[in-house]
Amino acid sequence: MNDRIFSHFKLQGDHCEKMGSPFTANLCRVIPAALDRHTATGRTILDWPGDPSADALALRFCGALHAIILDDADTELKACYPPGDNAGQLLPVLNRVITRHDARLAADLINAPQTNEIARAAALYPGLAEIARRTGLPLALHEIGASAGLNLMMDKFGYSFGQTRMGDDNSPARLAPEMLGASLQNMAVRVISRSGCDIAPLDINSPADRLRLRSYIWPDQPERMTRLDAAIGIASKTPFTLVSEDAADYVANSLAGRKRDRVFVLYHSVMWQYLPETTKSRIETAMTDAANTATRDAPLAWLKMEGLGGVEPHATLQLTLWPGGDVQNLAHCDWHCRWIEWLEK
């Protein structure tokens, strides 16, 4: 066994356990024992040329297996998946499944995971509300790393933050994270435009792309699947722009088209760490240059839900708003926003 690959799958299993998916944790721990070089799938994983953690190799394979379930393409494997009761037979079943679906599984490993995690809107949306409160203007949304663009719809989701309800009360996409820290106050958000980019965007109108999105949801977290399906339904009825473009090029091009009487909002969630340093630098330079021309009737906001570079086990929601350039950490939150700690101002 390749120790590097074995360690990666084990660490991914530990992470899934902490993120509330014991099934995916067990799957990651079992998979290495089912791999050998007799199949294209086994050779592809065991001889992976890059960094398996940076490439999310375990999640690529878990997604490829889940896609087979969602396609109803293997009843034996399906019996091992929630809500099935045959998980104890997972290893011998995986051996047979890899052989039966070898070409499909090996081909699917080329795809990096794209969950388009809807739950992160639970942190991002109060950030948008804070921008609206401070500026009194409608928002022009620009998301980098937007995947299928589902979080461009966040004003059309419904939220329960303790006793505070925000967003659309009639929305089929509902989020209710555990709230810690300061209380939130409801604030109306008016979105005037929605635009995003991704290096490999997914098309919600494509059955294959919808299957990819759904396959990366962990099988024992059906509430996430429900939210995803609801958001896809909303996005299918809402005009938005999603382009395949380098993030730095997209930011520069979008800033060149800024308009007055609205806030230009750049935002992203759990993607900054994956960008090359040159791309990060170009984005920072473009935003700094644009900030020099920001005015009260053409303000500029940068909203980030990211790790701040330390070893903290959570993300931080950070807002920078121009003119002025004030930087404020608004909240700490779980990576899937199962809980949010809104910080005192």
Filter the stretch 5-25 down to the residues that are open to solvent by 30 Å² or more (accessible area, probe 1.4 Å) and in contact with an Asp or Glu (Cβ under 9 Å, 6 or more places away or on another chain), then identify the one that is modelled with the highest pLDDT.
P22
Report the residue count in the stretch 319-345 for those that are closer than 15 Å to R133 by Cβ, acidic (D, E) and either at pLDDT 95 or above or outside any strand (DSSP E or B) (or both).
0
Can you confirm whether the stretch 213-224 contains a residue that is at positive phi and either of a type in the set (D, E, K, R) or open to solvent by less than 20 Å² (accessible area, probe 1.4 Å) (or both)?
no
Find the residue count for the stretch 75-92, including only residues that are without any contact (Cβ under 8 Å) to a residue 40 or more places away in the chain, within 17 Å of P22 (Cα to Cα) and either charged (D, E, K, R) or outside any helix (DSSP H, G or I) (or both).
7
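Name the single residue that is least open to solvent (accessible area, probe 1.4 Å) among those in the stretch 272-301 being of a type in the set (S, T, N, Q) and closer than 17 Å to L321 by Cβ.
T295
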Output the number of the condition that S269 fails; it satisfies all remaining conditions of (1) open to solvent by 20 Å² or more (accessible area, probe 1.4 Å); (2) closer than 28 Å to D334 by Cα; (3) among the small types (G, A, S).
(1)
Exactly one condition in (1) within 24 Å of R4 (Cα to Cα); (2) touching a strand residue (DSSP E or B) at 6+ places or on another chain (Cβ under 8 Å) is false for P138; which is it?
(1)
Considering only the stretch 204-317, give the strands (runs of 3 or more DSSP E) lying wholly within it that have at least 3 residues that are in contact with a Leu (Cβ under 8 Å, 6 or more places away or on another chain) and in contact (Cβ under 8 Å) with a residue 40 or more places away in the chain.
263-269, 300-306
In the list A173, A188, A119, which residue meets the criterion of being surrounded by fewer than 16 Cβ atoms within 10 Å (Cβ to Cβ) and among the aliphatic types (A, V, I, L, M)?
A188
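The values are calculated or read from the model by the stated rules, or taken from the named source; none is laboratory data. Please read all numbers here as calculations on a predicted model, not as lab measurements. Ideal geometry is used to build each Cβ from the backbone, glycine not excepted, and the neighbour counts take in all protein chains shown. Remember, those area values only see protein heavy atoms, side chains included, never the ligands or the DNA or RNA. Shrake-Rupley method; radii C 1.70, N 1.55, O 1.52, S 1.80 Å.
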